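Each remark here refers to the structure printed beneath this line.
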Amino acid sequence: MQNGFLLKLVVQRIALGCLLLLAASGLIFVGTQMLPGDVAQSILGQSATPQALANLRAELGLDQPPLTRYLDWLGNALQGDLGHALSNGQDIASSIAGRLGNTLFLAGTAAAIAVPLALALGLLAVRFQGRWPDRLISGVTLATISVPEFLLGYLAMFALAVQFRVFPSVSSIHDGMSLGQQFQAIALPVLVMVLVVLGHMMRMTRAAILNVMQSAYIETAELKGLRRFTIIARHALPNAVAPIVNVIMLNLAYLVVGVVVVEVVFVYPGMGQYLVDHVAKRDVPVVQACGLIFAAVYIGLNMIADLVAILANPRLRHPR
Amino acid sequence: MSRIPLSALIGLVITAAFFGAALLAPWIAPYGMAEVAGGVWDPSSPEHWLGTDSIGRDLLSRMIWGGRITIFVALAATLVAFATGVFLGFLAAVSGGWVDQALSRLVDLLMSIPALIMALVILSVMPVTLPVLIAVMGLIEATRVFRLSRAVAADIEVMDYVEAARLRGEGMVWVIFREILPNALSPLVAEAGLRFIFMVLFISTLSFLGLGVQPPLADWGGIVRENKDGIVYGVPAALFPAVAVAALAISVNLVADWILTRTSSLKGGRG
């Protein structure tokens, strides 16, 4: 009975996520197909002959009604067929497969470093609340939030790759490289992405724990004579899990977007670079496919955040 | 009025300097925007304080002209975001019912796709001109403004004086503009500062990716893009406009923080 209630919440949230993704796919399709700009015209330019325009429209299926095109596109995308790129005719799904792997490798490495570090620093800030470690951390946070990713990227590149030659300035990776070489190659982009998300995550971790620290049971623990760090780690942290996981997921979702700029800065062969290149070429099928994948990852991570919040909340686990 | 704290004062001075430079660009820029005035990537010298760029134009002059475009586009997009976001947010809060539902769910949907990805998708089919950029950025950002203004208006909407206005037969337009807007102004002003920063970062990022302001015009992001290849050769030209973006963002942030704390303490005073 109790688990049934929880299951219902979880299923509801997953269904909502799927619905949102479906709507988002519609939005991406509408965004690229029904805006005032004519796709065929913008691909071929103003000087295109009417015959060439008509041919391209037929090739793109633009002579079909929009709903049919949308359903075709969505149906194919669900079966893993993302169509062919306009610019070079390559199969989009196979071009994306390797790049998606690269992007997830980059974002995953950054997350694996940033999340534990943010939690540890957040705990440290609470432990030394109001004293210099706390202030230092808050100050650095404010600075990193306002700085654009490309500035961090080029600063890191200028300092570490050009002046001191510690890491390569261009992060090209390929299959033949050993894991160690790959990590060496992505060191700078990972550093930048960690810096970008660290501040926000840490600040929210600190806020979430401080919020819990005002509860009565924390006072009890203090009066029991527990050490301050034990109180934070054993009593406050478990009750702050939901908001912390939420902010971690938000930042992972942010990583997925920030990766676009970072990949361009370091010429990294990932999804972001691929998307940006093809937006410039006005290659609509590629843009749709990449947009859909980015949206799916983003919506998925937000959904996981909500699911963890549901599962971590004992009040929902044991409803009255 | 309380004393201005040091951080806010620094923020105000730097922000004012950037806006002043943007307004006075034709008079203070030592060279023209497109004027080739020296060699490629000359180091800084008395003639060229920040050196020259990838084709020998004076970098300081380009930064001053570029700041003009960055600030103009960001301001215009912020205005679009606020005009649409605030109006629709208030409308949703005041009308409730299906209007509220429809608008709120539409905003949920728009926010489910990251702003940058959404902008890239739209810009892939639209002609990339300044008005289109301003509209796209403004409308995407309007979703964030909508959330805030709807929440603020929902709080105000239940006040007795709004009830009184309704009872004496005022229409929706009166309620929105004469009752709710004046009382929602202070949180919205602080929010405007933050949104302006996001717009500065947004247009800089788009231009850096080559999908924002197009040549021959250039904003700070575009100047970073033009000079990024110099980094590998140890030429720091691309760093200056990037630092300008960060400096503007941080100083506006300091000012917005101050306005936020000032207005919230005012609220506390009123009870």
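The values are calculated or read from the model by the stated rules, or taken from the named source; none is laboratory data. Since the model is a prediction, treat every value here as computed from it, not as a measurement. Counting neighbours? That spans all protein chains shown, and the Cβs are built from the backbone with ideal geometry, glycine included. The protein model used for the area step is the full one, side chains on, heavy atoms only, and it has no ligands, DNA or RNA in it. Shrake-Rupley method; radii C 1.70, N 1.55, O 1.52, S 1.80 Å.
Picking from residues in segment B:112-150 that are under 23 Å from residue A:25 (Cβ atoms) and of a type in the set (S, T, N, Q), the one that is nearest to the chain's Cα centre (by Cα) is B:143. Would you be able to say whether some residue in segment A:264-271 is within 7 Å of chain B (Cβ to nearest Cβ), surrounded by fewer than 20 Cβ atoms within 10 Å (Cβ to Cβ) and in contact with a Gly (Cβ under 9 Å, 6 or more places away or on another chain)? Within segment A:264-271, none of the residues are within 7 Å of chain B (Cβ to nearest Cβ), surrounded by fewer than 20 Cβ atoms within 10 Å (Cβ to Cβ) and in contact with a Gly (Cβ under 9 Å, 6 or more places away or on another chain). Among the helices (runs of 4 or more DSSP H) confined to segment A:43-131, the ones with at least 3 residues that are under 28 Å from residue A:263 (Cα atoms) are located at A:66-78, A:92-127. Restricted to segment A:277-296, and to residues there that are buried (at least 22 other Cβ atoms within 10 Å of the Cβ) and of a type in the set (Val, Ile, Thr), the residue that is nearest to the chain's Cα centre (by Cα) is A:287. The number of residues in segment B:3-27 being open to solvent by 70 Å² or more (accessible area, probe 1.4 Å) and modelled with pLDDT under 80 comes to 1. Of all the numbered requirements in (1) open to solvent by less than 70 Å² (accessible area, probe 1.4 Å); (2) away from chain B (no Cβ under 12 Å); (3) not in a loop (DSSP other than H, G, I, E, B), residue A:184 misses one, and that requirement is (1).
In segment B:113-141, which residues are open to solvent by 10 Å² or more (accessible area, probe 1.4 Å), touching a helix residue (DSSP H, G or I) at 6+ places or on another chain (Cβ under 8 Å) and not in a helix (DSSP H, G or I)? Residues satisfying the conditions are B:126, B:127. Note on segment B:229-252: among residues that are at the interface with chain A (Cβ under 8 Å from one of its Cβ atoms) and modelled with pLDDT of 85 or more, the one that is most open to solvent (accessible area, probe 1.4 Å) is B:243. For segment A:251-269, check the following and say yes or no: at least one residue is in contact (Cβ under 8 Å) with a residue 60 or more places away in the chain and over 20 Å from residue A:148 (Cα atoms). Looking for residues that are in contact (Cβ under 8 Å) with a residue 60 or more places away in the chain and over 20 Å from residue A:148 (Cα atoms), one finds at least one in segment A:251-269, hence yes. When residue B:120 is tested against (1) away from chain A (no Cβ under 14 Å); (2) within 27 Å of residue A:19 (Cβ to Cβ), only condition (1) is not met.
Evaluation of residue B:105 against the conditions (1) touching a Ser or Thr at 6+ places or on another chain (Cβ under 8 Å); (2) within 13 Å of another protein chain (Cβ to nearest Cβ) shows that the sole unmet condition is (1).
Any idea which residue in segment A:139-169 is surrounded by the most Cβ atoms within 10 Å (Cβ to Cβ), counting only those that are in contact with a Gly (Cβ under 9 Å, 6 or more places away or on another chain) and more than 11 Å from chain B (Cβ to nearest Cβ)? Step through it out loud before you land on a result.
First pass over segment A:139-169, keeping only residues in contact with a Gly (Cβ under 9 Å, 6 or more places away or on another chain): A:140-145, A:148-150, A:158, A:162-163.
With more than 11 Å from chain B (Cβ to nearest Cβ) added as a condition, the list becomes A:140-141.
Details: A:140: 15, A:141: 18.
Selected residue: A:141.
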